[in-house]
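A short worksheet on the structure shown next.
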Amino acid sequence: MQFLRRAYQQFAHLVHELAKFGTIGAFAFVIDFGFLNLFKGAVGLGPLTSKVFATIISATFAYLGNRYWTFRDREQSGLGREYFLFFLLNGIGLLIGLLVIGFTTYTLGLHDLVSYNIANVIGVGLGTLFRYWSYKRWVFLAATEPIPRELPDQEINASSRPHQ
């Protein structure tokens, strides 16, 4: 029992981070899946174009969720830098998904909606593994010093005094 407690204490931060990443990812997947089928089925766009547009929408949600919840305790290296890298890495994750969908649709010749959605789930799964690793490595950097949860009392008191 002591072993399990120590193991949990050692990996608690990672477990919580993965849970948050998974929660954001699950919501982003629902958004991606919904828009993917809307664009392909109702709007009539092609399979790859539908995936690109759905990914842009779901990735925007995922960026905000990951920046302000999953990785909020990490260094904030600038919105522009993070946003650019986030979408660049999502582009690689999208490419992984497009390869799976393209292979299923054009190589295997499976054009039905069920095969398309199965290919999408596999592509999203492979892309997610890449995204989690790359976000931690290049986008949401480890904090060089602890990020305070709130301002110390002295700073609050000093900022509330009128300037003379």
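Derivation of every value follows stated rules applied to the coordinates shown; laboratory data play no part. Please read all numbers here as calculations on a predicted model, not as lab measurements. Backbone-built Cβ (ideal geometry, glycine too); neighbour counts: all protein chains shown.
The dipole here belongs to the chain: it is taken about the Cα centre, uses +1 on the Cβ of Lys and Arg and -1 on the Cβ of Asp and Glu, and is about 200 debye. The ranking of K40, K20 by Cβ neighbour count inside 10 Å, starting from the fewest, reads K20, K40. Neighbour counts of other Cβ atoms within 10 Å put L94, L18 in the fewest-to-most order L18, L94.
Between A12 and Q76, the FRET efficiency from the beta-carbon distance, with R0 = 22 Å, is close to 0.45.
Label positions at L95 and A143, each projected 7 Å from the Cα along the C-beta direction, are separated by 3.4 nm. Computed over region 13-143, relative contact order equals 27 percent, with contacts defined as Cα pairs under 8 Å that lie 6+ residues apart. Pairwise inverse Cα distances across region 13-143, averaged and inverted, put the Kirkwood hydrodynamic radius at 15.1 Å.
Ranked by how many other Cβ atoms sit within 10 Å of their own Cβ, fewest first, the residues F71, F53 fall in the order F53, F71.
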